[in-house]
Each structure stands twice: as C-alpha cells, then as structure tokens.
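Reading through the structure tokens given below for one structure.
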Amino acid sequence: MIRRFEDKCNIAYRQGLVGGYMHVYIGMEATAVGWNAALKPGWDYVITAYRDHAQPLIMGSDPVKVMAEIMGRSGGYSFGKGGSMHIYDIENCFFGGWGIVGGHTPLGAGLAFAAKYRKEDRVTICYLGDGASNAGVFFESLNMAALWDLPVIFIIENNEFAMGTRLEYHAADTQLYKRGEPFGIKSERLDGMDVLQVKADAERIVNWVRENQKPYLVEVMNYRFAGHGAADNDRQLYRTKEEEDENTKRDPIARLEKYLTENNLMTAEKMEAINVEIEERVEAIYEEAVNSPHPEPHEVYAHVYSDMEPEKGH
Ligand SMILES: Cc1ncc(C[n+]2csc(CCOP(=O)(O)OP(=O)(O)O)c2C)c(N)n1
Ligand SMILES: [Mg+2]
C-alpha cells in the first residue's frame, strides 16, 4: 500500500499537482512497518522528519487526507497548507512531519516526557535520518532523554545519504548507533530490510523501553532507492548506477513476497490479486484527493496561532 501510494504521488508530482518538496520512503518500508507492528495503536507516539507518508498510512490515518495534503488541498491533514512534509494525525498519535533536519528530535524527547509526567506507559518513537544524527540538537535531546530517563526510542534510519552527501562524507564515525553511548543509552545497529526481523527486534526493544522507562537508540540499515526528493534527478552525481542496482535488489517487499511463496504461505496469484486491489484503492484515493479544492487565500492566516484573529490583520 505504501509503495503503490507513493508511486502515485510521484506521478502526481511530475504532473505538476504537488507543490514544494516531496520525499518518498520507497525501499525503506520494512522499517516503519516492522516498528509500527510493535506499538500499541492509538496509544504510543510517533514523530519523524519530512519523509513522512508511510507512518500515517500504517497508523490508521485517512489516506485521502494524506494524499490531499501532499497535493496542497484543503481536505488534507494540514488543510493543504503544509504539503508533503507536514502530515499530522494527533488522533492516531502521529506527530508529524517536520522539515528542519534534526529539529524534531527534542520534540520526540518532549512527547516521551509528557507521557512520563502524566504517568502513562506510552512509548515514543522518534525517527531521524543519518544526516540528522549530526545535528547538535540531537545530542542535546539524547542528553535530556538519558538524564530524565525518558521512554523514547530514537531510530536513526541510515539510508546511506543525506541529500546528495554520502554517509562517509558527512559522519566522522559512520557507526551511528554509537552516538547513544556517551550518554549511557542502550544502543544497537539493526537490519531495516527484512520486515519480520525488524518486527522481532522492535517488539523486544519497545517492551524493554516500556518496562524500564529509559531511552534507547537504534541505527537501522537501509538504502534510499530513489533520489533525495522528487526533484532530485541528478543522483548519478553522488552514486553509480551499479551501486543503485545492487542495493535495490534488496527490496524489502520483493523479499517478503519471496518468503511468502517459498514457505507456501501465499500464492503468487493471491499476491497479484492484492496488488490489483491496492492499485484500484490508490486510484480511488487519488480521485477523491484531487477533487478537494485548494485552500482559500484568506486561509493563510488560519491555524498559525491558536488565538489568531485574521480579520484584524494580526
Ligand atoms: C537544519 C537544516 N539544514 C539543512 C536542511 C536541508 N536538508 C533537507 S533534507 C537534508 C538531508 C538530511 O538527510 P538525512 O537526515 O539522512 O535524511 P533522509 O533524507 O536520508 O531521510 C538536508 C541537508 C534542512 N531541511 N534543515
Ligand atoms: Mg539519510
């Protein structure tokens, strides 16, 4: 569903129906799916950066509202004013969708603080990129999370690139999981491509964090199949075609399909039927989203501050 949904978003982008930036999660789906499977729906908190379409789709959000937001329509989660990078669905415990690299990591710690303060046994997952793991504010967040024993799991999604910069050009130590160690935070490097393995690891760690009320840091290894954003057409400047082809062979969806057929858990025909059904569903989602109008110009003043009085021109 995530893959087909984002394929459609890519088409919409190329048709000029998406304004601003758009970053797809293609190739990284096993990470969000596996970790989400370990969470209590509607209870545990999730926050991420701008590569944020997959999370709401698996957390129970309305896919029409997700696609409408991506296309800047008033029926979207941010009323069409946030776009692809600003999907939020508080009802389903998804707290966005943030464009400033690393800037959301203290918010991840803050969500965990709020849960702990209210004596609720919620676990917070805060995803961030390998590039974001260099941000100063991330180290401040790790410090406070460790100091206050916050039940937050920082997941560094190491997809080997920060925009057009390879990991070894941006990180002094490419073993990113070690960034938790100076703060005494339990830290591990884990696979991000085998969804069943991800789920097993996630269950173990989520349970540990819920029980022990302490932070955890995980580096998951995956690969960014596409360019940085939808407008990145020059990825051959920073990686070779051969490298890309080699890595995209590790497709987590193809891997799961292979597992299911080899173990006689699902036939190829059944999988194809699911694929067709999902494609039809995505078409219907697109139709509904694209028919939602763009926000009215005066809407630019609404939802900025809670006490905003647009008619007074504040
Ligand atoms: C503070 C800040 N600096 C720079 C940028 C521009 N920028 C957007 S994404 C990005 C790369 C981040 O890479 P990574 O954290 O690895 O995430 P990925 O895109 O791989 O998911 C940069 C430098 C930004 N949005 N915010
Ligand atoms: Mg990255």
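The values are calculated or read from the model by the stated rules, or taken from the named source; none is laboratory data. Please read these numbers as outputs of a predicted model, since none were measured by experiment. Because the Cβ atoms are built from the backbone with ideal geometry, glycine has one as well, and the counts that use them run over all protein chains shown. To get the accessible areas, we keep the full protein, side chains included, count just its heavy atoms, and leave off ligands, DNA and RNA. Shrake-Rupley method; radii C 1.70, N 1.55, O 1.52, S 1.80 Å.
Taking amide H positions as modeled 1.01 Å from N, with prolines and chain starts lacking one, the residues under 5 Å from Lys186 and 5 or more places away or on another chain are Leu217.
Each residue of the range 213-228 is assigned a 3J(HN,Hα), and the resulting list reads 6, 9, x, 8, 10, 10, 10, 9, 9, 9, 9, 7, 5, 9, x, 4 Hz, derived from the Karplus form 6.51 cos²θ - 1.76 cosθ + 1.60 (θ = phi - 60°), x at Gly and Pro. Cα centroids of the range 47-86 and the range 224-238: how far apart, whole angstrom? When both Cα centres are located, 22 Å separates them. In order along the range 120-127, the phi-based Karplus estimate (6.51 cos²θ - 1.76 cosθ + 1.60, θ = phi - 60°) of 3J(HN,Hα) comes to 9, 8, 7, 9, 10, 9, 10, 7 Hz; Gly and Pro are listed as x. Rounded, prolate or oblate, given the Cα gyration tensor of the chain, with a/c below 1.5 counting as rounded? Judged from the Cα gyration tensor, the chain comes out rounded (a/c under 1.5).
The shape of the range 27-178 comes out oblate: with a ≥ b ≥ c from the C-alpha gyration tensor, a/c is at least 1.5 while a/b does not beat b/c.
The 3J(HN,Hα) values that the Karplus relation (6.51, -1.76, 1.60; θ = phi - 60°) gives for the range 163-178 are, in residue order, 6, x, 10, 6, 3, 6, 8, 10, 10, 5, 10, 7, 8, 5, 4, 5 Hz. Gly and Pro appear as x.
Pick out which of Tyr117, Tyr127, Tyr25 has the largest mean-square fluctuation in a Gaussian network model of the chain, springs linking Cα atoms closer than 10 Å. Sorting by GNM fluctuation, first place goes to Tyr117.
The apolar share of the surface of the range 2-295, taken as the fraction of accessible area on carbon and sulfur atoms (1.4 Å probe, ligands and nucleic acids excluded), comes to 54 percent. Here the range 193-314 is treated with +1 on each Lys and Arg Cβ and -1 on each Asp and Glu Cβ, and its dipole about the Cα centre works out to around 720 debye.
Placing +1 on each Lys and Arg Cβ and -1 on each Asp and Glu Cβ, with no other charges, gives the chain a dipole about its Cα centre of roughly 680 debye.
Per residue, the chain exposes an accessible area of 48 Å² to a 1.4 Å probe, with every protein chain left in place. For the chain, relative contact order (Cα pairs under 8 Å, six or more residues apart, normalised by length) works out to 22 percent.
The candidates Leu217, Leu147, Leu107, Leu237, arranged from most to least accessible area with a 1.4 Å probe in the full protein assembly, appear as Leu237, Leu147, Leu107, Leu217. Bridges between two residues of the chain, per DSSP, are antiparallel at a rate of about 10%.
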